[in-house]
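We did not get these values from a lab; they are worked out from the coordinates using the rules stated. This one's a predicted model, so the numbers in the text were calculated from it and none came from an experiment. Here the Cβ is made from the backbone with ideal geometry for all residues, glycine too, and neighbour counts use every protein chain on show.
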Amino acid sequence: MLAFYGISPKIKFNMKKNNFFGMGFGLMIPVTTGIIPFGAVVGTLCSEAKFSFTQTMGMNFFVYAGAAQLAAIDLMTKNAIVWVVIATGLVINLRFLLYSAAMAPYLKNSGFLVKFISAHLLTDQSYAIMSANQDKLPTNKDAVQFNIGAAACMILVWQLSVLAGYTFGNFAPPSWSLDFGVPISFVALVLPTLKNKSYIVVAVFSAIISILLYSVPMRLGLILTAGLSILLAIYLTRKTAP
Amino acid sequence: MDASYFWTIIIFLALGTFSIRISVIAISGRIQISDRAKELFSYIPAAILPAFIAPAVFFHQGQVNWLQGKERLFVLILTVLVSLKTRSTVVTIIFGLVALYAIVHLGGGL
């Protein structure tokens, strides 16, 4: 008890002063405007495909990857072969390999459970907000807390959007263009990471290549663009190394 | 739809996706991540986020005639400027959504 009374004010103080979980959660809120319409569409399509409530929320919780889910639902309603659906979804999700690599240095001293949760909750948005704010996160532990806070906000809004879409149909008014929230939130999140000219060159290259590769099937254009852009980064940073 | 068809797909998709997500994180305690690797990791946002932004805006069929249906491209350029000026995610997103709504609904007839 003595230890409890002795330690608790300090813990409280630290939590208030350095609440990185809350900071991540709060900063994620505006970013989630972009995912609400996608969640609504996924929920609506699940209901139209006659998926049960358990199936819808099971897919949504265990796969938890909107773009892959959209592709999988579409293929399943067309009765595509099992492995074609799985392969398509996994190709779309290959980009998570990059986020896993980028998150690895922060998580190297974390326990199994924290690694497990952080990995399952990795999304484009949560990684992007983490990278945009990493200068404000002094230690790896702060970064991990920030990331879990942002990811918690993300999964909450996503599950609620899908649930609402499943129950009420496509509720997000198309005239509000909430889907535009995705590209513009990525604009706000990518700009702080462009620290010098070579980052800007890589970003412009990525934008151009993604447009050129847009019609490549199975959404391979995205991961190809990322791969080519990383190759460019390798080349640029080699050249400028002393 | 057959339940076994659905769950076979979902289970493998979930396991595969999780394997991709945990891959490098799982071995992070056992490997030494070099400074060179960390430098390259810092390029990941620049390498992938524009690939979400550009097609979403460039290929969107708009409805505002005086911008040849490219109001999203126009608003995106303004949004980049606002983001650079304010350095605020909240302001950037609100500005982008309001500006697009204003152009489509108030300026659509121009």
statement: In whole Hz, the Karplus estimates of ³J(HN,Hα) for segment A:200-209 (6.51, -1.76, 1.60; θ = phi - 60°; x where Gly or Pro) are 5, 4, 4, 5, 5, 4, 4, 4, 5, 4
query: Karplus couplings for segment B:87-99 from phi (6.51 cos²θ - 1.76 cosθ + 1.60, θ = phi - 60°), rounded to Hz, Gly and Pro as x?
result: 6, 10, 5, 4, 4, 4, 5, 4, 4, x, 5, 5, 5
Within segment A:20-178: Cβ-based charge dipole about Cα centre, in debye rounded to nearest 20 (Lys, Arg +1; Asp, Glu -1): 240
- prompt: Could you put A:F168, B:F52 in order, starting from the residue whose Cβ has the fewest other Cβ atoms within 10 Å?
  reply: A:F168, B:F52
query: Among B:W7, A:W83, A:W158, A:W176, which comes first, second and so on when ranked by fewest other beta-carbon atoms within 10 Å?
result: A:W83, B:W7, A:W176, A:W158
- line: Across A:104-110, the residue-averaged tally of Cβ atoms belonging to other chains within 10 Å stands at 6
- request: Measure of size requested: the Rg and Dmax of chain A, with Cα atoms as the atom set and Å as the unit; please supply both.
  value: 20.0, 66
- line: Over the Cα atoms of segment A:130-201 the radius of gyration and the largest Cα-Cα distance (Dmax), both in Å, equal 16.3, 48
message: Taking θ = phi - 60°, what integer Hz values does the Karplus form 6.51 cos²θ - 1.76 cosθ + 1.60 yield along segment A:134-146, in sequence order, with x for Gly and Pro?
response: 5, 5, 8, 10, x, 10, 4, 5, 4, 4, 5, 5, 4
task: Mind computing the radius of gyration and Dmax over the alpha-carbon atoms of segment A:199-239? Å is fine for both.
output: 10.5, 34
query: Given the C-alpha centroids of segment A:42-106 and segment B:1-60, what is the distance between them in whole angstrom?
result: 13
task: Express the relative contact order of segment B:1-100 as a whole percentage, based on alpha carbon pairs under 8 Å and six or more residues apart in sequence.
output: 13
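What 222 nm value per residue comes from the helices of chain A, counting each DSSP H run with n ≥ 4 as -39,500 (n - 2.57) and dividing by all residues, nearest 500 deg cm²/dmol?
Working: 13 runs with 181 residues, N = 242.
Using -39500 (n - 2.57) per qualifying helix, the result is -24000 deg cm²/dmol.
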- prompt: Can you give me the relative contact order of chain A as a percent, contacts being Cα pairs under 8 Å and 6 or more apart?
  reply: 33
- prompt: Over the Cα atoms of chain B, Rg to Rh with Kirkwood Rh, two decimal places?
  reply: 1.17
- prompt: With charges only on Cβ, +1 for K and R and -1 for D and E, what is the dipole size of the protein assembly as shown about its Cα centre, in debye, rounded to 20?
  reply: 1120
message: Please rank A:S229, A:S110, A:S215, A:S185, fewest neighbouring Cβ atoms within 10 Å first, as an exposure proxy.
response: A:S215, A:S110, A:S229, A:S185
- line: Over 26 Å (Cα to Cα) among A:K197/B:K38; A:K108/A:K136; A:K50/A:K115; A:K195/B:K38 -> A:K50/A:K115
query: When the C-alpha atoms of segment A:164-221 are aligned to their principal axes, what extent does each axis show, in angstrom, from largest down?
result: 47, 30, 18
